[in-house]
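Novice: One structure coming up, written as structure tokens, with questions to follow.
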Amino acid sequence: MPLYLIKTRHSLQGCLQALDEQLMHGSASLEEFVFTCREGDHAGYAVIEAGSRKEAMDIVPEPLRPETSVWKVDRFTADDIRSFHAKAS
């Protein structure tokens, strides 16, 4: 199943509301995220397996979706990287 990176942003002023929204969306959703709020960057990040970008977005509470980005990501092995070099030559 594909991997997706999710980044959801919120402001300092909206931090508690955003965290409450995430909590109300369900503890399973909350457990997927790590937050950088204590570092002054008010954002949550998750890497999840999902069938589609929409399915990945569904773990984000509706009110937070306008400030959310979702990217499909890949893991590369050493063999993948060697293959990339061979193709580039």
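Novice: Please go through the range 35-63 and give me each residue that is within 19 Å of Asp20 (Cβ to Cβ), touching a residue at least 40 places away in the same chain (Cβ under 8 Å) and small (Gly, Ala, Ser), ordered by number.
Specialist: Across the range 35-63, the qualifying residue is only Ala46.
Novice: Then there's this: So, in the range 24-43, of the ones that are under 11 Å from Ile59 (Cα atoms) and part of a helix (DSSP H, G or I), which residue ends up farthest from the chain's Cα centre (by Cα)?
Specialist: As a first pass, look at the range 24-43 and keep what is under 11 Å from Ile59 (Cα atoms): 25-33.
Adding the requirement that they be part of a helix (DSSP H, G or I) leaves 27-32.
Details: Ser27: 16, Ala28: 14, Ser29: 11, Leu30: 11, Glu31: 12, Glu32: 9 Å.
So the residue we want is Ser27.
Novice: For the range 1-14, how many residues meet the condition of being more than 16 Å from the chain's Cα centre (by Cα) and either surrounded by fewer than 14 Cβ atoms within 10 Å (Cβ to Cβ) or touching a residue at least 40 places away in the same chain (Cβ under 8 Å) (or both)? Break it down into steps so the answer makes sense when it comes.
Specialist: At the first step, the residues of the range 1-14 found to be more than 16 Å from the chain's Cα centre (by Cα) are 11-14.
Keeping just the survivors that are either surrounded by fewer than 14 Cβ atoms within 10 Å (Cβ to Cβ) or touching a residue at least 40 places away in the same chain (Cβ under 8 Å) (or both) gives 11-13.
Adding up the residues that qualify gives 3.
Quick note: the coordinates plus some simple rules give every number you see, no bench work behind them. As the structure is a computational prediction, the values presented were derived from the model and not from experiment. Every residue, glycine among them, receives a Cβ derived from its backbone with ideal geometry; neighbour counts consider all protein chains shown.
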